[in-house]
Amino acid sequence: MSLFLSSYENRLDTKGRISVPASFRASLSSEQFAGVVLYRSFTNNCIEGLTMSRMETLAAATDKMGVFDGTLDDLSAMLFADARPLSFDVTGRIMIPADLLAHAGITDRAIFVGRGNSFQIWNPDAFHRAQDAALSRLRTARPDFKIG
């Protein structure tokens, strides 16, 4: 299983390419598809990223939903119709489609944010605001994990 940790800020080059962090690429080394799958987040103004095998797991999960379930229609439109499989070039870069960049408000730089089994790509300023808000909520909620 791929594990995405930490945050890395990178610049888009003049052709719109960006380097996927080396640790993220290393996490993907056991995957059959040499790249990532990206789609517009439906919870934040960012881009969601995951492995092809994780996308297959999501597809299997939607198979358990009712065929006429309206939520399935919405999920299919966001997860599968919007998904872009992007292969790495020889230097580990991808070219993020313009509509995904616009959704996230990304112009010249982006921050890759590890989320365990997946990652997100944000406009750095927007991410720092969202991270500050999350920290504030967590300080109030004080979640307690039961491990073991």
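Derived from the Cα gyration tensor, the three semi-axes of the equivalent ellipsoid of the chain are 23, 22, 17 Å, largest first. Between amide H atoms placed 1.01 Å from N, distances below 5 Å from GLY35 occur with PHE88, all of them 5 or more places distant or on a separate chain.
Based solely on its DSSP helices, what 222 nm [θ] is calculated for the chain when runs of n ≥ 4 H residues each add -39,500 (n - 2.57) and the sum is averaged over all residues, nearest 500 deg cm²/dmol? All intermediate terms of the calculation are to be shown ahead of the outcome.
Values: 5 runs with 48 residues, N = 148.
Rounded to the nearest 500, it is -9500 deg cm²/dmol.
To the nearest 10, the accessible area of LEU5 is 110 Å² with a 1.4 Å probe.
In the chain, carbon and sulfur make up what percent of the accessible area (probe 1.4 Å)? The C+S portion of the solvent-accessible surface of the chain is 55 percent.
Applying the Karplus relation 6.51 cos²θ - 1.76 cosθ + 1.60 with θ = phi - 60° to the range 52-57 yields 3J(HN,Hα) values of 5, 5, 5, 4, 5, 5 Hz, where x marks Gly and Pro.
From most to least packed by mean Cβ count within 10 Å, the peptides 134-142, 80-88, 106-114 give 106-114, 80-88, 134-142. With protein chains left intact and a 1.4 Å probe, residues in the chain average 60 Å² of accessible area per residue.
The values are calculated or read from the model by the stated rules, or taken from the named source; none is laboratory data. Treat the numbers as computed from the prediction; the structure is a model and nothing was measured. With ideal geometry, Cβ positions are generated from the backbone for all residues, glycine too; neighbour counts draw on all protein chains shown. Just the protein is used for accessible areas: all its heavy atoms, side chains included, with ligands, DNA and RNA removed. Shrake-Rupley method; radii C 1.70, N 1.55, O 1.52, S 1.80 Å.
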